[in-house]
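Worksheet for the structure shown next.
Where a number appears in this text, it was derived from the coordinates with a stated rule and is not lab data. As the structure is a computational prediction, the values presented were derived from the model and not from experiment. Cβ sites come from the backbone with ideal geometry, for glycine too, and all protein chains shown count toward neighbours.
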Ligand code: SAM
Ligand code: ASE
């Protein structure tokens, strides 16, 4: 990496990186206070004082927040009769308002509260080489998902975060391969059913069973999957302890990156045993480049896996080796160009 003389003279890149969390927290605060929602509900542009009044904040604080949001191009400002009036940009209307079908509101809540808090302990996580949920969450549980699901609200926030990814990348990952030859599909750790819904939309003849922990499925039924979705079935279980039923295709989306190598081998071995001959396994994960030089999203997610889980992000060839170790063959990798990619293998 060669930097120009000018870049060495003035470290703009480093200054931007230092400000990274200031940018994040500014956007998070505007979401938490309901700025984008208010501007959407009201339809007419509002003054800073009116927004402060309606959202019960200080006038001065709100004015600075709105100004920073304009700088970040999350809001637009227009002068009318000497008064500055604020309105949403298209981007914030589509992604930052709570009621939008493509909202990131809940992911933002999770980033702002949980991930931000965990990253305060990144240095400790790197020193110790292990997750920090005891420090970050104040829980003593050594069971990963017991810590992540320490309250019903936290479980719901996590599920919302998981769900919102698939509004953006779901179609790409389920259509990366033609899965129309698989009719009986199990989504292991299927969580909110977002991938299951995408499968059924892309392959109307398929039937997808969401396999997850009982309390997760209870929440999925309550908040995410409607009774009318007859092609979606539920199977309660612990995929390490309980049997996994026979099927044509097993989807594991963001499962392997949560667990250490030995657990991944254990789970995939179990899946290989019950998989029908000719059946397959579809891994959906953020992939590191083979040279590990990027993408930056996957590199940062791997740090997040360190602070929060027992796992890490891998390269496609690392997943390939894992799949081959447990007896899968005919491996194919498809990159979607978005965060998440797909790997298909056959029994
Ligand atoms: N596949 C979903 C997605 O990509 O949006 C969710 C991924 S989330 C990181 C991991 C999922 O595995 C959670 O829904 C969690 O409840 C589930 N899970 C964790 N441990 C499990 C276990 N022992 N048995 C079954 N499901 C489990
Ligand atoms: C997990 C995925 C996530 C476990 C904990 C998690 C994500 C956030 N926390 O399997 C989604 C990916 N985003 C990041 C920042 O890693």
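Quick notes on this one:
- Protection proxy ranking, highest mean first, for peptides 25-33, 334-342: 25-33, 334-342, where packing is the per-residue count of other beta-carbon atoms within 10 Å, averaged.
- Among 45-51, 280-286, 6-12, the peptide with the highest mean count of other Cβ atoms within 10 Å heads the list, and the full ranking is 280-286, 45-51, 6-12.
- Gyration tensor verdict on the stretch 167-346 (Cα atoms; rounded if a/c is under 1.5, prolate if a/b is larger than b/c, oblate otherwise): rounded
- Between the stretch 119-169 and the stretch 2-66, the Cα center-to-center distance that results, in Å: 26
- Taking the inverse of the mean 1/r over every pair of distinct Cα atoms in the stretch 35-80 gives a Kirkwood hydrodynamic radius of 10.7 Å.
- Nearest-ten-degree value, helix 296-308 long axis tilted from longest Cα axis of the chain: 80
- Here the relative contact order of the chain, from alpha carbon pairs under 8 Å that lie six or more residues apart, stands at 12 percent.
- Equivalent ellipsoid of the stretch 1-55: semi-axes from √(5λ) of the C-alpha gyration tensor, largest first, are 38, 11, 9 Å.
- The chain: antiparallel DSSP beta bridges as a percent of all, rounded to 5: 45
- Relative contact order [Cα under 8 Å, 6+ residues apart], the stretch 167-346, whole percent: 22
- Distance from the C-alpha centroid of the stretch 290-347 to that of the stretch 240-283: 15 Å, rounded to the whole angstrom.
- Between the Cα long axis of helix 59-71 and the first principal axis of the chain there is an angle of about 60°, rounded to the nearest 10.
- Relative to the longest principal axis of the Cα atoms of the chain, helix 316-325 runs at roughly 20 degrees.
- For the chain: rounded, prolate or oblate by the Cα gyration tensor [a/c cutoff 1.5]: prolate
- Value of relative contact order over the stretch 136-267, rounded to a whole percent, pairs C-alpha under 8 Å and six or more apart: 23
- Seen through its C-alpha gyration tensor, with square-root eigenvalues sorted a ≥ b ≥ c, the stretch 1-141 comes out oblate because a/c lies at 1.5 or above while a/b is not bigger than b/c.
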